1. Among MET216, MET273, MET264, which one moves the most in a GNM of the chain with springs linking Cα atoms closer than 10 Å?
2. Let's test the formula: R0 of 30 Å, r as the Cβ-Cβ distance of ASP94 and ASP192. What FRET efficiency results, to the nearest 0.05?
3. Determine the alpha carbon to alpha carbon distance for each of LYS241/LYS285; LYS137/LYS211; LYS21/LYS86; LYS21/LYS82 and list only those over 29 Å.
4. Leaving out ligands, DNA and RNA, what percent of the accessible area of segment 188-338 is carbon and sulfur, probe 1.4 Å?
5. When we measure straight from the Cα of LYS35, which aspartates and glutamates land under 18 angstrom away, once same-chain ones fewer than 8 places off are left out?
6. Just report the Cα centroid separation between segment 190-267 and segment 43-114, whole Å.
7. Quick one: grab Rg to one decimal and Dmax as a whole number for segment 188-338, Cα atoms only, in Å.
8. Which distance in nm do the two modelled labels at SER265 and HIS113 give, with both placed 7 Å along the Cα-to-Cβ direction?
Amino acid sequence: MSISNNQIIDRLGSCNTLSWKAPSNIALIKYWGKKDFQIPANSSISMTLNNCYTNCIMEFIASDNFSVSLEFENKSDDSFLKKVTKHISRIAKDFPVLKSFSYTFKTSNTFPHSAGIASSASSMAAINLCLTELLVKLDEVPNEDFFRFASDHARQGSGSASRSLYGGFVDWGATSNDYGSVQDNIHEDFIDMGDAVLIVDSGVKEVSSSKGHQLMMSHPQREERFSAANAKTKKMIEILKDGDWNSFIPLLESEALELHGLMMSGTPWFILMKPETLALLDLFKKWRNENSVRAAFTLDAGPNIHLLYHKDERDRVLAFINEQAISHLENEQWIDDKMGMGPEKVIIQ
Ligand code: PMV
(Lines give C-alpha, C1' and ligand atoms only; values in the text may rest on other atoms or scores of the structure.)
Protein backbone atom coordinates (compact mmCIF):
# COMPACT_ATOMS: atom_id res chain seq x y z
CA MET A 1 0.00 0.00 0.00
CA SER A 2 1.51 3.33 -0.97
CA ILE A 3 1.70 6.11 1.59
CA SER A 4 0.35 9.63 1.05
CA ASN A 5 2.41 12.80 0.68
CA ASN A 6 1.16 13.97 4.09
CA GLN A 7 2.37 10.74 5.70
CA ILE A 8 5.74 11.18 3.99
CA ILE A 9 6.06 14.71 5.36
CA ASP A 10 4.98 13.51 8.85
CA ARG A 11 7.49 10.68 8.91
CA LEU A 12 10.46 12.58 7.53
CA GLY A 13 9.99 15.90 9.32
CA SER A 14 12.81 18.18 8.19
CA CYS A 15 15.11 15.33 7.11
CA ASN A 16 16.15 15.81 3.48
CA THR A 17 19.71 14.44 3.41
CA LEU A 18 21.22 11.09 4.41
CA SER A 19 24.85 10.10 4.15
CA TRP A 20 26.87 6.89 4.54
CA LYS A 21 30.34 5.68 3.83
CA ALA A 22 30.73 2.05 2.79
CA PRO A 23 33.87 -0.03 2.23
CA SER A 24 35.07 -2.17 -0.63
CA ASN A 25 35.84 -5.85 0.04
CA ILE A 26 38.22 -8.47 -1.29
CA ALA A 27 36.85 -11.98 -1.88
CA LEU A 28 38.90 -14.85 -0.42
CA ILE A 29 36.66 -17.43 -2.13
CA LYS A 30 35.15 -15.85 -5.21
CA TYR A 31 31.62 -15.38 -6.48
CA TRP A 32 31.91 -16.23 -10.17
CA GLY A 33 28.71 -17.11 -12.01
CA LYS A 34 25.16 -16.09 -11.23
CA LYS A 35 21.67 -17.39 -11.87
CA ASP A 36 18.17 -15.90 -11.82
CA PHE A 37 18.41 -12.28 -10.79
CA GLN A 38 21.73 -11.63 -9.02
CA ILE A 39 21.68 -14.96 -7.17
CA PRO A 40 25.20 -16.38 -6.82
CA ALA A 41 25.92 -19.76 -8.40
CA ASN A 42 28.20 -20.50 -5.43
CA SER A 43 28.88 -19.14 -1.97
CA SER A 44 31.73 -16.71 -1.34
CA ILE A 45 33.53 -15.09 1.57
CA SER A 46 35.36 -11.77 1.69
CA MET A 47 37.30 -9.48 3.98
CA THR A 48 35.94 -5.96 4.32
CA LEU A 49 38.53 -3.25 3.65
CA ASN A 50 39.22 -0.22 5.81
CA ASN A 51 40.69 2.52 3.63
CA CYS A 52 39.02 1.89 0.26
CA TYR A 53 35.49 3.18 0.57
CA THR A 54 32.79 5.29 -1.08
CA ASN A 55 31.23 8.34 0.53
CA CYS A 56 27.64 8.97 -0.50
CA ILE A 57 25.40 11.93 0.22
CA MET A 58 21.77 11.50 -0.83
CA GLU A 59 19.54 14.59 -0.94
CA PHE A 60 15.85 14.01 -1.55
CA ILE A 61 12.66 15.97 -1.82
CA ALA A 62 9.10 14.62 -2.07
CA SER A 63 7.93 15.02 -5.66
CA ASP A 64 5.22 13.76 -8.03
CA ASN A 65 7.95 13.34 -10.63
CA PHE A 66 10.53 10.70 -9.76
CA SER A 67 13.96 11.87 -10.90
CA VAL A 68 17.60 11.17 -10.10
CA SER A 69 20.68 13.32 -10.61
CA LEU A 70 24.15 12.24 -9.67
CA GLU A 71 27.66 13.60 -9.34
CA PHE A 72 30.64 11.32 -9.00
CA GLU A 73 33.65 13.27 -7.68
CA ASN A 74 31.95 16.56 -8.56
CA LYS A 75 31.32 15.54 -12.16
CA SER A 76 28.25 14.14 -13.86
CA ASP A 77 28.57 10.49 -14.88
CA ASP A 78 25.90 9.32 -17.31
CA SER A 79 26.48 5.58 -17.17
CA PHE A 80 26.52 5.56 -13.34
CA LEU A 81 23.39 7.76 -13.32
CA LYS A 82 21.59 5.29 -15.61
CA LYS A 83 22.64 2.39 -13.40
CA VAL A 84 21.42 4.09 -10.20
CA THR A 85 18.12 5.23 -11.77
CA LYS A 86 17.40 1.71 -13.02
CA HIS A 87 18.37 0.30 -9.64
CA ILE A 88 15.98 2.57 -7.69
CA SER A 89 13.16 1.73 -10.13
CA ARG A 90 13.81 -1.96 -9.49
CA ILE A 91 13.81 -1.60 -5.67
CA ALA A 92 10.66 0.53 -6.03
CA LYS A 93 8.77 -2.54 -7.30
CA ASP A 94 8.84 -3.72 -3.64
CA PHE A 95 8.82 -0.21 -2.14
CA PRO A 96 6.78 2.07 -4.48
CA VAL A 97 7.25 5.03 -2.11
CA LEU A 98 10.81 5.36 -3.45
CA LYS A 99 9.30 6.78 -6.63
CA SER A 100 7.77 9.68 -4.65
CA PHE A 101 11.06 11.59 -4.50
CA SER A 102 13.53 13.55 -6.56
CA TYR A 103 17.07 12.48 -5.58
CA THR A 104 20.51 14.02 -5.88
CA PHE A 105 23.45 11.72 -5.13
CA LYS A 106 26.97 12.98 -4.53
CA THR A 107 29.51 10.19 -4.33
CA SER A 108 33.30 9.99 -4.11
CA ASN A 109 35.84 7.24 -3.51
CA THR A 110 38.86 7.32 -1.22
CA PHE A 111 40.85 5.20 -3.65
CA PRO A 112 42.18 6.65 -6.88
CA HIS A 113 39.82 6.35 -9.82
CA SER A 114 42.69 4.98 -11.89
CA ALA A 115 43.82 2.32 -9.41
CA GLY A 116 42.02 -0.48 -11.20
CA ILE A 117 40.03 -1.24 -8.03
CA ALA A 118 36.36 -2.00 -8.68
CA SER A 119 34.19 0.53 -6.92
CA SER A 120 30.82 -1.07 -7.63
CA ALA A 121 30.75 -2.92 -4.27
CA SER A 122 31.42 0.14 -2.11
CA SER A 123 29.30 2.54 -4.17
CA MET A 124 26.27 0.22 -4.36
CA ALA A 125 26.60 -0.46 -0.62
CA ALA A 126 26.77 3.28 0.22
CA ILE A 127 23.85 4.24 -2.04
CA ASN A 128 21.68 1.44 -0.68
CA LEU A 129 22.47 2.33 2.92
CA CYS A 130 21.05 5.81 2.20
CA LEU A 131 17.98 4.42 0.39
CA THR A 132 17.33 1.79 3.07
CA GLU A 133 17.63 4.37 5.84
CA LEU A 134 15.03 6.44 4.00
CA LEU A 135 12.76 3.33 3.96
CA VAL A 136 13.29 2.85 7.72
CA LYS A 137 12.36 6.49 8.35
CA LEU A 138 9.22 5.95 6.27
CA ASP A 139 8.36 2.83 8.37
CA GLU A 140 8.63 0.62 5.30
CA VAL A 141 11.56 -1.45 6.63
CA PRO A 142 11.92 -2.47 10.30
CA ASN A 143 14.97 -0.89 11.93
CA GLU A 144 16.18 -4.24 13.29
CA ASP A 145 16.44 -5.58 9.70
CA PHE A 146 18.21 -2.49 8.36
CA PHE A 147 21.51 -4.10 7.31
CA ARG A 148 19.82 -7.22 5.96
CA PHE A 149 17.61 -5.12 3.68
CA ALA A 150 20.49 -2.81 2.72
CA SER A 151 22.57 -5.87 1.77
CA ASP A 152 19.71 -7.43 -0.23
CA HIS A 153 19.20 -4.12 -2.08
CA ALA A 154 22.93 -3.64 -2.68
CA ARG A 155 23.18 -7.20 -4.05
CA GLN A 156 20.66 -6.29 -6.73
CA GLY A 157 22.98 -3.50 -7.93
CA SER A 158 26.26 -5.46 -7.67
CA GLY A 159 26.57 -8.98 -6.25
CA SER A 160 29.76 -8.42 -4.28
CA ALA A 161 28.21 -5.26 -2.72
CA SER A 162 26.05 -7.57 -0.56
CA ARG A 163 29.22 -8.30 1.45
CA SER A 164 30.20 -4.62 1.94
CA LEU A 165 27.48 -4.03 4.54
CA TYR A 166 29.39 -5.58 7.42
CA GLY A 167 32.88 -5.47 8.92
CA GLY A 168 35.44 -8.27 9.22
CA PHE A 169 34.74 -11.44 7.26
CA VAL A 170 31.44 -11.75 5.42
CA ASP A 171 29.89 -14.64 3.54
CA TRP A 172 27.26 -14.49 0.82
CA GLY A 173 25.49 -17.69 -0.13
CA ALA A 174 26.72 -19.75 2.84
CA THR A 175 24.05 -18.26 5.13
CA SER A 176 21.68 -16.66 2.59
CA ASN A 177 21.61 -16.07 -1.16
CA ASP A 178 19.84 -12.74 -0.74
CA TYR A 179 22.17 -10.94 1.65
CA GLY A 180 25.61 -11.14 3.23
CA SER A 181 26.21 -12.34 6.80
CA VAL A 182 29.09 -11.54 9.09
CA GLN A 183 31.19 -14.44 10.39
CA ASP A 184 31.78 -14.21 14.16
CA ASN A 185 34.49 -15.80 16.30
CA ILE A 186 37.32 -15.23 13.85
CA HIS A 187 40.69 -16.23 15.34
CA GLU A 188 42.85 -13.31 16.50
CA ASP A 189 45.56 -14.34 14.00
CA PHE A 190 43.28 -13.16 11.18
CA ILE A 191 41.88 -10.07 12.88
CA ASP A 192 43.26 -6.82 11.45
CA MET A 193 44.90 -8.69 8.60
CA GLY A 194 46.75 -6.29 6.26
CA ASP A 195 46.00 -5.97 2.54
CA ALA A 196 48.64 -4.37 0.31
CA VAL A 197 47.04 -3.85 -3.10
CA LEU A 198 49.81 -3.84 -5.71
CA ILE A 199 48.71 -1.88 -8.79
CA VAL A 200 50.05 -3.54 -11.91
CA ASP A 201 47.67 -1.99 -14.42
CA SER A 202 44.92 0.54 -13.84
CA GLY A 203 43.36 0.36 -17.31
CA VAL A 204 39.78 -0.67 -18.06
CA LYS A 205 39.45 -4.47 -18.05
CA GLU A 206 39.05 -6.19 -21.39
CA VAL A 207 36.11 -8.25 -20.04
CA SER A 208 33.74 -6.86 -17.37
CA SER A 209 32.68 -8.89 -14.32
CA SER A 210 29.10 -9.05 -15.69
CA LYS A 211 30.37 -10.64 -18.90
CA GLY A 212 32.64 -12.96 -16.87
CA HIS A 213 29.70 -14.18 -14.73
CA GLN A 214 27.73 -14.82 -17.91
CA LEU A 215 30.55 -16.77 -19.58
CA MET A 216 31.00 -18.86 -16.42
CA MET A 217 27.43 -20.15 -16.78
CA SER A 218 28.37 -21.90 -20.04
CA HIS A 219 31.81 -23.07 -18.87
CA PRO A 220 32.23 -26.86 -19.28
CA GLN A 221 33.43 -27.16 -15.65
CA ARG A 222 30.72 -24.99 -14.12
CA GLU A 223 29.01 -27.65 -11.98
CA GLU A 224 32.33 -28.89 -10.54
CA ARG A 225 33.40 -25.30 -9.88
CA PHE A 226 30.18 -24.36 -8.08
CA SER A 227 30.25 -27.33 -5.73
CA ALA A 228 34.01 -26.98 -5.15
CA ALA A 229 33.59 -23.26 -4.36
CA ASN A 230 30.80 -24.03 -1.87
CA ALA A 231 33.09 -26.53 -0.11
CA LYS A 232 35.99 -24.04 -0.21
CA THR A 233 33.86 -21.32 1.41
CA LYS A 234 33.04 -23.69 4.29
CA LYS A 235 36.70 -24.67 4.60
CA MET A 236 37.81 -21.01 4.56
CA ILE A 237 35.37 -20.18 7.37
CA GLU A 238 36.84 -23.05 9.46
CA ILE A 239 40.39 -21.87 8.75
CA LEU A 240 39.57 -18.29 9.78
CA LYS A 241 38.01 -19.51 13.02
CA ASP A 242 40.93 -21.89 13.77
CA GLY A 243 43.64 -19.29 12.96
CA ASP A 244 45.28 -21.82 10.64
CA TRP A 245 47.70 -19.81 8.44
CA ASN A 246 49.30 -23.00 7.05
CA SER A 247 46.00 -23.95 5.44
CA PHE A 248 44.99 -20.37 4.62
CA ILE A 249 47.92 -19.73 2.27
CA PRO A 250 47.40 -22.62 -0.20
CA LEU A 251 43.60 -22.30 -0.19
CA LEU A 252 43.66 -18.53 -0.84
CA GLU A 253 46.26 -18.73 -3.59
CA SER A 254 44.87 -21.75 -5.43
CA GLU A 255 41.42 -20.12 -5.39
CA ALA A 256 42.79 -16.93 -6.99
CA LEU A 257 44.53 -18.91 -9.71
CA GLU A 258 41.45 -21.09 -10.21
CA LEU A 259 39.37 -17.95 -10.90
CA HIS A 260 41.85 -16.90 -13.58
CA GLY A 261 42.14 -20.49 -14.85
CA LEU A 262 38.37 -20.53 -15.39
CA MET A 263 38.64 -17.34 -17.42
CA MET A 264 41.41 -18.85 -19.53
CA SER A 265 39.68 -22.19 -20.11
CA GLY A 266 36.21 -20.93 -21.11
CA THR A 267 34.89 -20.22 -24.60
CA PRO A 268 35.71 -17.54 -25.54
CA TRP A 269 38.75 -17.47 -23.24
CA PHE A 270 40.25 -14.31 -21.82
CA ILE A 271 43.24 -13.33 -19.73
CA LEU A 272 43.09 -10.49 -17.20
CA MET A 273 46.54 -10.98 -15.66
CA LYS A 274 49.46 -9.03 -17.17
CA PRO A 275 53.08 -10.16 -17.55
CA GLU A 276 53.97 -8.07 -14.47
CA THR A 277 51.31 -9.91 -12.45
CA LEU A 278 53.10 -13.20 -13.12
CA ALA A 279 56.54 -11.70 -12.46
CA LEU A 280 55.33 -10.39 -9.09
CA LEU A 281 53.65 -13.66 -8.10
CA ASP A 282 56.93 -15.49 -8.76
CA LEU A 283 58.96 -13.00 -6.73
CA PHE A 284 56.43 -13.05 -3.90
CA LYS A 285 56.26 -16.86 -3.69
CA LYS A 286 60.04 -17.18 -3.54
CA TRP A 287 60.38 -14.46 -0.89
CA ARG A 288 57.47 -15.76 1.23
CA ASN A 289 58.69 -19.36 1.17
CA GLU A 290 62.32 -18.47 1.92
CA ASN A 291 61.35 -16.26 4.82
CA SER A 292 58.31 -18.18 6.18
CA VAL A 293 56.11 -15.07 6.19
CA ARG A 294 52.42 -15.34 7.08
CA ALA A 295 51.36 -13.66 3.83
CA ALA A 296 49.41 -14.88 0.80
CA PHE A 297 48.18 -13.38 -2.45
CA THR A 298 44.79 -13.20 -4.02
CA LEU A 299 43.55 -11.66 -7.28
CA ASP A 300 40.25 -10.09 -8.13
CA ALA A 301 38.94 -10.18 -11.70
CA GLY A 302 41.88 -8.07 -12.87
CA PRO A 303 45.69 -7.86 -12.99
CA ASN A 304 46.31 -6.27 -9.57
CA ILE A 305 47.55 -8.31 -6.62
CA HIS A 306 46.23 -8.24 -3.05
CA LEU A 307 48.90 -9.35 -0.56
CA LEU A 308 47.09 -10.37 2.60
CA TYR A 309 49.32 -10.61 5.65
CA HIS A 310 49.22 -11.24 9.41
CA LYS A 311 49.26 -7.91 11.25
CA ASP A 312 52.63 -8.78 12.85
CA GLU A 313 54.26 -9.24 9.41
CA ARG A 314 53.75 -5.64 8.31
CA ASP A 315 57.41 -4.55 8.45
CA ARG A 316 58.59 -7.55 6.43
CA VAL A 317 55.84 -7.10 3.81
CA LEU A 318 56.63 -3.38 3.44
CA ALA A 319 60.31 -4.28 2.97
CA PHE A 320 59.33 -6.78 0.23
CA ILE A 321 57.25 -4.13 -1.53
CA ASN A 322 59.91 -1.41 -1.32
CA GLU A 323 62.88 -3.60 -2.17
CA GLN A 324 61.48 -6.09 -4.68
CA ALA A 325 57.96 -5.32 -5.90
CA ILE A 326 58.04 -1.56 -6.45
CA SER A 327 59.78 -1.56 -9.83
CA HIS A 328 57.05 -3.84 -11.26
CA LEU A 329 54.18 -1.55 -10.23
CA GLU A 330 52.45 1.01 -12.42
CA ASN A 331 53.81 4.39 -11.29
CA GLU A 332 55.06 2.61 -8.13
CA GLN A 333 51.43 2.63 -6.92
CA TRP A 334 50.09 0.43 -4.17
CA ILE A 335 47.29 0.84 -1.65
CA ASP A 336 47.96 0.28 2.02
CA ASP A 337 44.78 -1.27 3.40
CA LYS A 338 43.62 -3.74 6.05
CA MET A 339 40.55 -5.40 7.54
CA GLY A 340 37.82 -2.85 8.20
CA MET A 341 34.88 -2.61 10.55
CA GLY A 342 32.15 -1.98 7.96
CA PRO A 343 30.01 1.00 6.89
CA GLU A 344 29.57 4.16 8.94
CA LYS A 345 26.72 6.61 9.02
CA VAL A 346 27.88 10.16 8.32
CA ILE A 347 26.12 12.88 10.26
CA ILE A 348 25.38 15.91 8.10
CA GLN A 349 25.59 19.13 10.13
O1 PMV B 1 29.95 -8.00 -7.86
P2 PMV B 1 30.45 -8.21 -9.24
O3 PMV B 1 29.36 -8.52 -10.22
O4 PMV B 1 31.33 -7.08 -9.69
O5 PMV B 1 31.38 -9.53 -9.27
C6 PMV B 1 32.51 -9.67 -8.46
C7 PMV B 1 33.32 -10.85 -8.89
C8 PMV B 1 34.67 -10.99 -8.20
O9 PMV B 1 35.15 -9.73 -7.77
C10 PMV B 1 35.65 -11.57 -9.20
C11 PMV B 1 34.64 -11.96 -7.04
C12 PMV B 1 33.95 -11.52 -5.78
O13 PMV B 1 33.37 -12.41 -5.13
O14 PMV B 1 34.03 -10.34 -5.39
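1. Result for the chain, Cα springs under 10 Å: MET264 fluctuates most.
2. Values: r = 37 Å, r/R0 = 1.25.
Step by step, r from the Cβ atoms, then E = 0.20.
3. Values: LYS241/LYS285 25 Å; LYS137/LYS211 37 Å; LYS21/LYS86 22 Å; LYS21/LYS82 21 Å.
Violating the 29 Å Cα-Cα cut-off are LYS137/LYS211.
4. Carbon and sulfur: 50 percent of the exposed surface of segment 188-338.
5. Straight-distance partners of LYS35: ASP152, ASP171, ASP178, GLU223, GLU224.
6. 28
7. 15.9, 44
8. 3.9
The values are calculated or read from the model by the stated rules, or taken from the named source; none is laboratory data. Please read these numbers as outputs of a predicted model, since none were measured by experiment. Backbone-built Cβ (ideal geometry, glycine too); neighbour counts: all protein chains shown. Accessible surface areas use protein heavy atoms only, side chains included; no ligands, DNA or RNA. Shrake-Rupley method; radii C 1.70, N 1.55, O 1.52, S 1.80 Å.
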